[in-house]
Amino acid sequence: MSKTSSLRWWTLSTVALAQLMVVLDSTVVNIALPSAQADLGFSDGDRQWVVTAYSLAFGSLLLLGGRLSDLMGRKKTFIIGLIGFAAASALGGAADSFGMLVGARALQGAFGALLAPTALAVLTTTFTVPKERAKAFGVFGAIAGAGGAVGLLLGGVLTENFNWRWNLYINVFIAIIAVVGAVLFVTTAKRSGPRPKLDIPGTVLVSGALFGLVYGFSNAETDGWESPLTWGFLAGAVMLLVAFVLWQRRAAHPLLPLSIVLDRNRGAAYSSVLIAGAGMFGIFLFVTYYLQTTLQYSPTQTGYSFLPMIGMLILAAQLSTNIFVPRFGPKVMVPFGMSLAAIGMVYLTRLGVDSTYAADILPPLMILGFGMGSIMPASMQTATLGVDRQFAGVASAMVNTSQQVGGSIGTALLNTLAATAAADYLASHVPVTAAVAAEAAVQSYATAYWWGAGFFAFGAVLAALLFRRMGHGASLSNPHGHAAPDSVNDVVSGEPVAAR
């Protein structure tokens, strides 16, 4: 292995570590919440803000973070993101009040929005050789899919054996290792041509729109769909998105050139990540509820329960990117993964109050893991393929944005549907005993799984229709059958190769 090639794999390790830190932080704190609440004395109503503060800042600032990495340089942005994330995590771990904890979580989200797209952009511009690119995205896609489950496991272990604060302190140690890796292994590409400018009106419009989307769905989860706040924020988000698209068509230095998202393959990839995000967050949420409240698992046992799913996800990611995607393309592999995930969700609907792990929970989790491992790497690789180097950051940010918005939509919709199902069951089974309440909970989870299966089934059809068929001379490294570009930077008339 050459020195340059070896350096690339060390770069992947560094980037993967940073991505894991950002992704697991969306779930690692969830398990610590009851302990944090008892320690700091905040109400049940306030509790959701510890989670929402992170997702709001993260979701609304992702496109800005991705563009800043294009403008400031990947290495510098990556290191700033890591240091900022570590500092915010240390602040949250040391929090002595509810306000300080929520503020630290918002800061974590903001620096995470800088870090996540930069990590993917570093990968996109580092690995341009098709075989190496496939392997790298197999690893990265597996982490993106499995990070939430790893967060549940880590959260349980740290909360039970140490203290809830270690769910935040742990990031400091991960970030220090990643900063050292970034300094040693992440290279700085020289800029060619004039320095582009930041599209400030576009940034304000899209950040406001994404904030409205994430907040609207978060509010629906807690206050319901009849809340004026829910619809007000969602309607505002739609209007701002329309304004953003209109502005991007005429901006001299657009934040997100529309050719990036209007490319058919890339649009299919972003849609697939969004739908997978919606279904995935539903799996973690309701299977966690079921294991802890119905089967009385401890947080650590709950985390360990997801390990086989993670194993299958990693296996599928490697098989998919190294063997199946190069041979069949995303048009086959993404619908296949979506179909498997739908089957896994339907399997989960069979769970009852007396189900066992080995017979009833393990098989669907393994099916879901293999399904997600077939969806995520192929979608992420396609979403960033052929993008001009100067827009790699913002194209990468669209992947993270799709996953974040998908997670917000999935959590809000599935929670609402499950709550309605539970209420209907209780209303029709009076008097309400402990056994009836337990059955109502299981029935509500089943409703969520059926809808989750519907998400994935819709995703399978959409991906099959949208992704291009691999033609003569086409492959995932060159999906349009054009002459292969010399590098990610091969651009004609200022347009990304994949948009031609």
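The values are calculated or read from the model by the stated rules, or taken from the named source; none is laboratory data. Keep in mind that what you see is a predicted model, and the values were worked out from it rather than measured. Cβ placement follows ideal geometry from the backbone for every residue including glycine, while neighbour counts extend to all protein chains displayed.
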Margin query: Can you tell me which residue is surrounded by the most Cβ atoms within 10 Å (Cβ to Cβ) among those in the stretch 135-163 that are of a type in the set (Phe, Trp, Tyr) and touching a residue at least 12 places away in the same chain (Cβ under 8 Å)?
Written below: 137
Notebook entry, point to check: Residues of the stretch 270-301 being in a helix (DSSP H, G or I), more than 16 Å from residue 369 (Cβ to Cβ) and polar (S, T, N, Q), which ones?
Noted result: 271, 272, 292, 293, 294, 300, 301
Check: Looking only at the stretch 123-182, which residues are outside any helix (DSSP H, G or I) and over 21 Å from residue 305 (Cα atoms)?
Finding: 127, 128, 129, 163, 165
Next item on the list: Can you tell me which residue within the stretch 37-80, out of those that are part of a helix (DSSP H, G or I) and hydroxyl-bearing (Ser, Thr, Tyr), is surrounded by the fewest Cβ atoms within 10 Å (Cβ to Cβ)?
Entry: 52
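Here's the yes/no breakdown for (1) modelled with pLDDT under 90; (2) within 23 Å of residue 140 (Cβ to Cβ):
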position	(1), (2)
392	yes, yes
412	yes, no
417	yes, no
420	yes, no
440	no, no
454	no, no
461	no, no
475	yes, yes
Margin query: Let me confirm something: among 213, 205, 198, which residue is part of a helix (DSSP H, G or I) and over 29 Å from residue 421 (Cα atoms)?
Written below: 205
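Looking at residue 236, is it surrounded by fewer than 17 Cβ atoms within 10 Å (Cβ to Cβ), within 24 Å of residue 56 (Cα to Cα) and out of contact with any His (no Cβ under 9 Å at 6 or more places or on another chain)?
Spelling it out, it is not the case that residue 236 is surrounded by fewer than 17 Cβ atoms within 10 Å (Cβ to Cβ), within 24 Å of residue 56 (Cα to Cα) and out of contact with any His (no Cβ under 9 Å at 6 or more places or on another chain).
Results for (1) of a type in the set (Lys, Arg); (2) over 26 Å from residue 204 (Cα atoms); (3) modelled with pLDDT under 95; (4) out of contact with any Leu (no Cβ under 8 Å at 6 or more places or on another chain), shown as yes or no for each residue.
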| residue | (1), (2), (3), (4) |
| --- | --- |
| 67 | yes, no, yes, no |
| 112 | no, no, yes, yes |
| 116 | no, no, yes, no |
| 132 | no, yes, yes, yes |
| 154 | no, yes, yes, no |
Check: What do you reckon, is residue 335 in contact with a strand residue (DSSP E or B) (Cβ under 7 Å, 6 or more places away or on another chain) and either touching a residue at least 12 places away in the same chain (Cβ under 8 Å) or closer than 16 Å to residue 378 by Cα (or both)?
Finding: no
Margin query: What pairs come out if I take residues in the stretch 204-230 that are without any contact (Cβ under 8 Å) to a residue 60 or more places away in the chain and surrounded by 16 or more Cβ atoms within 10 Å (Cβ to Cβ) and pair them with residues that are charged (D, E, K, R) and in a helix (DSSP H, G or I) whose C-beta lies under 7 Å away, six or more apart or interchain?
Written below: 230/223
Next item on the list: Check whether at least one residue in the stretch 171-178 is modelled with pLDDT of 90 or more, out of contact with any Leu (no Cβ under 8 Å at 6 or more places or on another chain), of a type in the set (Gly, Ala, Ser) and under 29 Å from residue 369 (Cβ atoms), and report yes or no.
Entry: no
Next item on the list: Restricting attention to the stretch 281-296, report how many residues are more than 30 Å from residue 329 (Cα to Cα) and in contact with a Phe, Trp or Tyr (Cβ under 9 Å, 6 or more places away or on another chain).
Entry: 8
Notebook entry, point to check: Counting only residues that are surrounded by fewer than 24 Cβ atoms within 10 Å (Cβ to Cβ) and under 20 Å from the mean Cα position of the chain (by Cα), which one in the stretch 87-119 is nearest to residue 15 (Cα to Cα)?
Noted result: 110
Next item on the list: Just need a number here: residues in the stretch 10-36 that are surrounded by fewer than 23 Cβ atoms within 10 Å (Cβ to Cβ) and in contact with a Pro (Cβ under 7 Å, 6 or more places away or on another chain).
Entry: 0
Check: Among the residues of the stretch 342-355, is there at least one that is surrounded by 19 or more Cβ atoms within 10 Å (Cβ to Cβ) and touching an Asp or Glu at 6+ places or on another chain (Cβ under 7 Å)?
Finding: yes
Next item on the list: Return yes or no: is residue 379 over 27 Å from residue 69 (Cβ atoms), touching a residue at least 60 places away in the same chain (Cβ under 8 Å) and touching a helix residue (DSSP H, G or I) at 6+ places or on another chain (Cβ under 6 Å)?
Entry: no
Item checked: Selection from the stretch 365-409 of residues that are of a type in the set (D, E, K, R) and assigned to a helix (DSSP H, G or I) -> 389
Notebook entry, point to check: So how many residues does the stretch 319-364 have that are part of a helix (DSSP H, G or I), among the β-branched types (Val, Ile, Thr) and within 20 Å of residue 418 (Cα to Cα)?
Noted result: 3
